[in-house]
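The next block holds one structure in the form of structure tokens; read it before the comments.
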Amino acid sequence: MAHPTQLGFQDAASPVMEELLHFHDHALMIVFLISTLVLYIIVAMVSTKLTNKYILDSQEIEIVWTVLPAVILILIALPSLRILYLMDEINDPHLTIKAMGHQWYWSYEYTDYEDLGFDSYMIPTQDLTPGQFRLLETDHRMVVPMESPIRVLVSAEDVLHSWAVPSLGIKLDGVPGRLNQTAFIASRPGLFYGQCSEICGANHSFMPIVVEAVPLEHFEHWSSLMLEDA
């Protein structure tokens with residue numbers, strides 16, 4: 001969960017998000033070193049009148065500043081492609097959930113069960129209990145077992161929506177008439193908050209997402225209670 005004045009990302013709650021954080025730090029360090037070098041060169045050129053006659057026309061330095069940027073781009077591209085393929089991989093999911101975007105709420109269907117599905121609406125501010133977050137809490141959470149591969153199918157009923165949970169490293173568009181899929185593994189129990197990340201209309205900011213990761217036995221108990229109520 002993000003907090004006021006936070007500068008960095010939320011704590012990673014899935015292996016993919018951990019990889020994304022590592023790649024962010026890797027790329028940021030490269031950008032920092034390049035910016036420092038460029039700043040040093042600018043300051044040196046402005047603050048001195050000295051000229052090195054050996055680098056005015058030098059094939060060696062031409063080779064260096066051609067090859068070095070190419071090497072740096074490769075050092076950025078290869079980890080990026082690796083994570084891209086990791087995010088697209090669906091490895092034998094233990095549970096499949098369909099998230100359908102509506103104006104302006106989400107509905108969830110647990111496709112491995114016969115009648116397990118519900119709508120998830122934002123809790124109005126006046127109905128919040130102490131400790132709940134304004135504009136982020138829902139009346140029904142998407143409950144998943146922790147440390148299990150979960151596949152999420154995302155679509156929309158009316159306009160474009162986007163199912164996004166930053167701490168899980170997920171952001172997937174819901175397109176009417178199209179079924180997109182992604183997968184995640186919640187590496188620890190907890191509540192993970194997200195919001196629709198597509199400008200879908202007047203109440204776009206009022207369709208939050210809450211994923212609750214629990215141990216497997218707790219999930220089984222929850223699913224049995226939900227099926228009894230259905």
Report yes if Leu86 is surrounded by 10 or more Cβ atoms within 10 Å (Cβ to Cβ) and farther than 20 Å from Phe23 by Cα, otherwise no.
no
Would you be able to say whether some residue in the stretch 117-126 is surrounded by 14 or more Cβ atoms within 10 Å (Cβ to Cβ), in contact with an Asp or Glu (Cβ under 6 Å, 6 or more places away or on another chain) and under 20 Å from Asp11 (Cβ atoms)?
no
Scan the stretch 52-88 for residues that are farther than 30 Å from Asp119 by Cβ and among the charged types (D, E, K, R) and jot them down.
Lys53, Asp57, Glu60, Glu62, Arg82
When you go through (1) part of a strand (DSSP E or B); (2) small (Gly, Ala, Ser); (3) under 19 Å from the mean Cα position of the chain (by Cα) one by one for Ser80, which number turns out not to apply?
(1)
Output for the stretch 173-230, where each listed residue is within 21 Å of Gly117 (Cβ to Cβ) and among the hydroxyl-bearing types (Ser, Thr, Tyr)
Thr182, Ser223, Ser224
Could you say whether any residue in the stretch 213-226 is in the same structural domain as Tyr121 (by the TED database), open to solvent by less than 50 Å² (accessible area, probe 1.4 Å) and of a type in the set (Ser, Thr, Tyr)?
yes
For the stretch 104-125, the count of residues that are part of a loop (DSSP other than H, G, I, E, B) and over 22 Å from the mean Cα position of the chain (by Cα) equals 8
Can you tell me which residue is least open to solvent (accessible area, probe 1.4 Å) among those in the stretch 48-81 that are more than 17 Å from Ile30 (Cα to Cα) and in contact with a helix residue (DSSP H, G or I) (Cβ under 7 Å, 6 or more places away or on another chain)?
Ile61
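The values are calculated or read from the model by the stated rules, or taken from the named source; none is laboratory data. Fair warning: this is a prediction, and the values are worked out from it, not measured in the lab. Counting neighbours? That spans all protein chains shown, and the Cβs are built from the backbone with ideal geometry, glycine included. For the accessible areas, the whole protein counts, side chains as well, though only heavy atoms, and no ligand, DNA or RNA atoms are used. Shrake-Rupley method; radii C 1.70, N 1.55, O 1.52, S 1.80 Å.
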